[in-house]
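Student: Encoded as structure tokens, here's the structure I'll be asking about.
What follows draws every value from the coordinates through simple rules; no lab data is involved. Model, not experiment: these values are computed from the prediction. No Cβ is skipped: glycine too gets one built from the backbone with ideal geometry, and neighbour counts run over all protein chains shown.
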Amino acid sequence: MANEAITLEHLGIEVQTPENFVFHNEGYMSFSSFLDSICLNRFGRRATYREMMSYSLARFDGAYFDYEIEKSGQKTKHAHIFVSTEIEHLSPLNLFTYGHEETHLILNNIPHGKNLLKKLLETGTNTGGFEEITNEETLADLGGFACLHSKKIPIGDLQNSQWHDFLEQGKKFEMLEKPEYIEALDFWTKR
């Protein structure tokens with residue numbers, strides 16, 4: 001399977017995928033449907049009750065998941081992202097989440113993915129100290145902020161109604177208390 005160009009709509013970029021790679025943008029769906037989609041592709045069956053229950057207490061606004069399938073001695077890596085239907089109509093949280101998940105895809109599959117993320121961030125913030133950030137969730141949150149910035153949503157401007165909406169929506173999903181989110185926001189706004 002040859003390299004293929006894929007468009008990451010929310011980050012606003014096109015990237016070349018590695019050899020033997022398949023990207024599945026599942027779009028908006030429930031987590032149980034996402035898990036079903038992965039199991040159907042990976043195992044040829046729907047998710048089991050046990051698999052569903054292992055995630056039943058977790059709340060997902062989106063997710064990135066990858067695995068390899070071997071056929072005829074050749075391994076193919078599959079990467080899936082989704083964003084929950086629960087936030088489909090909650091803009092700008094849905095945009096941030098899509099940017100976050102697309103960033104996981106870049107970091108885990110695209111050669112020099114962290115350098116590509118740095119270039120995206122340079123359009124909206126000073127990237128001094130970026131190399132010191134190693135936590136993937138923090139980096140993915142920075143991708144979410146890059147998405148918001150590309151949509152002209154001023155990050156950190158408490159007078160802006162879209163930023164205010166984002167903060168209110170984030171409270172409902174308890175993301176504002178996550179250390180990775182706080183680190184990413186501090187990096188973006190203090191530069």
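Student: Pairing the Cα long axis of helix 136-150 with the longest principal axis of the chain, what angle in degrees results, from 0 to 90 and rounded to the nearest 10?
Tutor: Value to nearest ten degrees: 60.
Student: How large is the helix-only mean residue ellipticity at 222 nm for the chain, computed as the sum of -39500 (n - 2.57) over DSSP H runs with n ≥ 4, divided by its residue count, in deg cm²/dmol to the nearest 500?
Tutor: Numbers: 7 runs with 83 residues, N = 191.
Counting only the DSSP helices, I get -13500 deg cm²/dmol.
Student: If you take every DSSP beta bridge whose two residues both sit in the range 25-132, what share of them, in percent to the nearest 5, is antiparallel? Walk me through the intermediate numbers first.
Tutor: Working: 10 of 13 bridges.
Roughly 75 percent of the DSSP beta bridges within the range 25-132 come out antiparallel.
Student: Could you grab the Rg to Rh ratio for the range 86-152? Cα atoms only, Kirkwood for Rh. List each step's numbers first, then the result.
Tutor: On the way: Rg = 11.7 Å, Rh = 12.0 Å.
Here Rg/Rh amounts to 0.97.
Student: A further question follows. Identify, among S37, I106, G170, the residue whose Cα sits farthest towards the positive end of the charge dipole of the chain, taking +1 on the Cβ of Lys and Arg and -1 on the Cβ of Asp and Glu, with the dipole about the Cα centre.
Tutor: Farthest towards the positive end: S37.
Student: Looking only at the chain, where both bridge partners belong to it, what percent of the DSSP beta bridges are antiparallel (to the nearest 5)?
Tutor: Values: 14 of 21 bridges.
Within the chain, antiparallel bridges account for around 65 percent of the total.
Student: What Kirkwood radius, in Å to one decimal, follows from the Cα pairs of the range 1-79? Working shown, then result.
Tutor: Numbers: mean 1/r = 0.0704 Å⁻¹.
About 14.2 Å for the range 1-79.
Student: Could you give the size of the charge dipole of the chain about its Cα centre, using +1 on the Cβ of each K and R and -1 on the Cβ of each D and E, expressed in debye and rounded to the nearest 20?
Tutor: Values: 18 positive and 29 negative charges, 58 e Å.
With Lys and Arg at +1 and Asp and Glu at -1, about 280 debye.
Student: Moving on. Using the structure shown, select from K71/K114; K118/K171; K114/K190; K114/K171; K77/K172 the pairs with a Cα to Cα distance greater than 25 angstrom. Kindly include the intermediate steps, with their values, before the conclusion.
Tutor: Values: K71/K114 30 Å; K118/K171 27 Å; K114/K190 20 Å; K114/K171 28 Å; K77/K172 34 Å.
Result: K71/K114; K118/K171; K114/K171; K77/K172 exceed 25 Å.
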